[in-house]
1. Only bridges whose two residues both fall in the chain count here: according to DSSP, what percent of them are antiparallel, nearest 5?
2. Between rounded, prolate and oblate, where does the range 7-201 land on the alpha carbon gyration tensor, with a ≥ b ≥ c its root eigenvalues, rounded for a/c under 1.5, else prolate if a/b exceeds b/c?
3. Taking the Cβ of N5 as the centre, find all other residues whose Cβ is under 15 Å away and add up their charges (Lys, Arg: +1; Asp, Glu: -1).
4. How about the range 74-125: which trypsin sites (Lys or Arg not before Pro) there are in a DSSP loop, with at most 16 other Cβ atoms within 10 Å of their Cβ?
5. So, counting K/R as plus one and D/E as minus one, what does the shell of residues with Cβ under 11 Å around E67 add up to?
6. Starting from the range 1-57, pick out the trypsin sites (Lys or Arg not before Pro) whose DSSP state is loop and whose Cβ has at most 13 other Cβ atoms within 10 Å.
7. Only helical DSSP H runs with n ≥ 4 go in: add -39500 (n - 2.57) per run for the chain, normalise by residue count and round the 222 nm mean residue ellipticity to 500 deg cm²/dmol.
8. With label points built 7 Å along Cα→Cβ from the Cα atoms of E51 and D83, find their separation and express it in nm.
Amino acid sequence: MGEMNLVSIIVPTYNRLDFLQRCVESIRTHTSDVPYQLIVVDNASSDGTSEWCIRQKIPFLSLPHPERFCAACDIGFRMADGDTFLLMKHDTVVTPNWLRNLVTALYSQPDIGIVGPVSNRAGGSQHVDYPFQDLDEFQRIAAVVNVSDSTRWKEVKHVESFCLAFRREVMDRIGHGDDYGLQARKAGYKLVVCHDVLLYHEG
């Protein structure tokens with residue numbers, strides 16, 4: 001896959017500035033090969049999240065009161081300019097080649113609606129067990145794992161919400177709600193887990 005279109009990365013967060021800082025740092029470190037727009041949805045945090053976003057020049061929306069995760073995501077969609085949406089929980093840490101591999105899988109077939117990675121803490125087919133001592137070692141493991149390979153893409157019935165990517169046209173068709181994967185499947189789209197994308201999830 002050649003040049004990629006803009007990806008809007010939407011990160012809802014609530015009172016875990018430490019997780020958010022780590023997540024954003026990893027995105028900035030490992031996403032230089034894909035054009036992206038980072039949007040933080042501050043879910044009425046009281047820990048200085050909005051002030052930190054201002055200092056970091058990160059586009060954000062500060063909500064007056066806490067919303068459910070999917071509701072916060074829907075608010076983030078309204079700020080998004082990209083042709084591709086990616087939802088990410090703030091306790092996720094990304095790794096080398098992560099976004100390029102996800103987007104490559106997403107656009108490989110027109111009937112793929114949502115893609116997600118594998119992780120150390122996830123359910124079902126998204127869980128993988130790579131022994132590691134710390135995040136530095138995890139990053140080294142991921143650098144080996146994250147080699148784009150279509151034979152490692154697996155169709156599934158559910159993709160967990162800690163990290164999932166889909167095209168804008170899919171959201172336009174399925175609308176908003178609590179279970180994007182279920183709605184996408186009902187609309188005739190496939191859900192795919194990419195075993196060539198290993199991310200860290202605090203869980």
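1. Restricted to the chain, the bridges split so that about 35 percent are antiparallel.
2. oblate
3. Combined, the nearby Lys, Arg, Asp and Glu give -2.
4. Answer by residue number: R78, R121.
5. Taking every other residue near E67 into account, the sum is -1.
6. Loop-located and lightly packed - K57.
7. My calculation for the chain gives -9000 deg cm²/dmol from helical runs alone.
8. Each label point is offset 7 Å from its Cα along the Cβ direction, giving 4.1 nm.
None of the figures in this text is laboratory data; all of them are computed from the coordinates on show. Treat the numbers as computed from the prediction; the structure is a model and nothing was measured. FYI the Cβ positions are ideal-geometry reconstructions off the backbone, even for glycines, and counts take in every protein chain you see.
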